[in-house]
Structure formats: structure tokens, C-alpha cells
Amino acid sequence: MTSKRMTKKTKRSPKPKMATTADRHVLYQKSVQSPEFELEFFIDRFEEHRQRKPHLMREDFCGTAFLSTEWCKLDPENKAIGVDLCQDTMDWGVQHNLIPAGEEVSSRVRLLNHDVLTVETDKVDFTCAMNFSFCTFKTRGVLRSYFENVRKGLKSDGILYLDLMGGTQTIDVIEEDREIDDEDFLYVWEQEKFNPITNEILCHIHFDFPDGSRLENAFSYDWRLWSIPELKEIALEAGFKSFHVYWEEFEEDEDSDDEYLDGTGEYSEVFEVDQQESWLAYIVIKV
Ligand SMILES: C[S@@+](CC[C@H](N)C(=O)[O-])C[C@H]1O[C@@H](n2cnc3c(N)ncnc32)[C@H](O)[C@@H]1O
């Protein structure tokens, strides 16, 4: 009798998709945060406007406190106060940013789980609120009370730094992706809805991976898209003395036949510019 050889099929569990194992905070930090550039911008503008070096910063909407940690790494005299409503995000920042930076650095970062509208802190040299986070405030009254609270927490020569996105494309429903240097994932920015009656905008960040998987809605933002003149009026109403807009300088791409202009990464103060499809401005608001 011939024996039937039984072959056992080993069932291999499928390799987990990259999107399921990715850490959204790591991807976010790599995609949309540039602490080196931003901190240099804060220091240069502070020295230009105030003729001294800043050492104490407050990072509103600090999230993972990436910027605060990098600020304290820059100079042993630097200290940071990070404020955010989300304890889980700040806990992630403690594990992945503060602890790896070492005790000497992390002891100079203080994290407060608080609403930026009401938080009370020591008076700081400057406060920053990056990646358009203040757009979470949807009415003039609430934005003014935020600016008033920031002003209360600034020294007499303090500065508030904001960034703002805009351009003709910002009011469109779009999805666009961008490669990130030395990384194999794509950063995807989606503007799902824009309501011209209220200027409310609903946006999402997704991440696409080479195995075809997507980390969908890694972050979602329900914002009001403020304009620069509105911000200026509200900041002055809140008691700030002056408001300055910094715009990226452009140069012609010599290898290109069309009139395409390349951003240089250098920002200078502007008073009139041509509208663009999309822009990112830095705003300096002085006490
Ligand atoms: C767009 S993320 C900004 C993260 C980081 N600052 C950056 O530059 O990329 C917005 C953060 O603001 C926080 N947030 C939203 N409303 C807030 C409020 N009223 N007070 C404090 N934090 C708030 C959220 O928890 C979230 O971590």
C-alpha cells in the first residue's frame, strides 16, 4: 500500500500593512515640523525687533513638544513651557522627545495640560502657536480672548509668533501629496470641505506607504481659515502694538523655460505681494 504523504500547509500570517504599524506622531513630526528653521526664525526676528536674545518660550498647542525640546537643546539657558489640551499627545512627547533628550534638557521643559484660552504662566519672551493651530478658534471674540491671554503671559517686550496658510488653492476641495526627504511614505494633505459663508475648512492628513496601505485621517482639523488683515485687526484690538508679515523670498529657476519661481527658504517682511496658489506666512506680533 502506498502511503499518502501528508504535507502540512503552514499558514503564514500576512505581513502587517505598513499603515497599521506606523506611528502617526513620528510621521507628523517628519512631515510638517521644522524646528531648526522655526527656532532660527524666532531668534533672528527677536534680536532684530528687541535687540536681545530670548530664552523663555511658551509653545501653545504644543502637541508632542517637539519644538520646546529642540529649543531647550539649543542653549543651556533656554527654557520652555508647552501647553496642550491632549494629555495623550503630551505623554507621547515625553516618551519620544523629552526623555531621549536627557535630564539636563527635559528638566527645562514644563508641560501644562491646559486650554490655551485660560492658561496662566510665567511671563515669557515669546509665545509661538504653529501649524495654524489658532484656526481652531472660529469667532473674532474667541480669537481676541486667546490673543489677550497670550499678551498677559508675555514680558513687556514679548512677541507672539504665528504661521498661516493661504492662497487661491486653500479654498478648494483638494488632495495633494508630497514626498518627505529620505522617507518612503507620502504625506497627503486633504481639504475636504470649505464653506465660504463661514470660512470654515475641514482638513485631514493621511500617510501613504509603498505597500499600498494608507493611514487615513491620521489627523483632522476643523478650522476657520482666517485672513491676514482679520488677524491684524484682532491682535491690535487685543492690545498688541504692531503686526508684521514675513513672506518667503522667491528666485527664478534658471533651468526652467517657464516663469516658475523657486522658494528660497528665506523670509522677509512684506507689505504687498502677488497672490499665489498657496503660501505660508510667518507673523510677528509685538506687545
Ligand atoms: C495642529 S496640532 C499642533 C501641533 C504642534 N504645535 C505643531 O506645530 O505641529 C494642534 C494641537 O492643539 C491642541 N489644542 C487644540 N485646541 C487647544 C486648546 N484650546 N488649548 C490647548 N491645546 C489645544 C490639540 O490637542 C493638538 O495637539
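The values are calculated or read from the model by the stated rules, or taken from the named source; none is laboratory data. All figures in this text were calculated on a predicted structure; none of them were measured in a lab. Quick reminder, even Gly has a Cβ in these numbers, built from the backbone with ideal geometry, and neighbours come from all protein chains shown. For the accessible areas, the whole protein counts, side chains as well, though only heavy atoms, and no ligand, DNA or RNA atoms are used. Shrake-Rupley method; radii C 1.70, N 1.55, O 1.52, S 1.80 Å.
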Leaving out ligands, DNA and RNA but keeping every protein chain, what accessible area does residue 190 have, in Å² rounded to the nearest 10, with a 1.4 Å probe? 40
If the limit is 24 Å between Cα atoms, which of 53/152; 30/232; 53/241; 79/138; 15/193 go over it? 30/232; 79/138; 15/193
Please calculate how many Å² of accessible area the stretch 1-129 carries per residue, with a 1.4 Å probe and no DNA, RNA or ligand atoms counted. 60
Given all pairs of different Cα atoms, what value in angstroms does the Kirkwood hydrodynamic radius of the stretch 169-221 take? 11.9
Total charge dipole magnitude, the stretch 169-221, about the Cα centre, Cβ charges on Lys, Arg, Asp, Glu only, Debye to nearest 20: 380
Using 0.36 nm per residue of separation minus the Cα-Cα distance, give me the extension gain between residue 26 and residue 272 in nm, one decimal. 84.9 nm
Any idea of residue 184's accessible area? Nearest 10 Å², probe 1.4 Å. 90
Express the C-alpha Rg of the stretch 53-159 as a ratio against the empirical globular expectation 2.2 N^0.38 Å, rounded to two decimals. 1.03
Accessible area of the chain belonging to carbon and sulfur atoms, whole % at 1.4 Å probe: 48
Relative contact order (%) - the stretch 120-169, alpha-carbon pairs under 8 angstrom, separation at least six: 59
What is the packing order of peptides 194-200, 229-235, taking the mean over residues of other C-beta atoms within 10 Å and listing the highest first? 229-235, 194-200
Mean ellipticity per residue at 222 nm, deg cm²/dmol - from DSSP H runs of n ≥ 4 across the chain, formula -39500 (n - 2.57): -7000 deg cm²/dmol
Using just the alpha carbons, could you tell me how many Å³ per residue the convex hull of the chain encloses? 203
Taking the stretch 43-86, the whole-percent share of alpha-carbon pairs separated by over 13 angstrom is 55
Could you work out the local net charge near residue 171, counting Lys and Arg as +1, Asp and Glu as -1, over the other residues with Cβ closer than 13 Å to its Cβ? -2
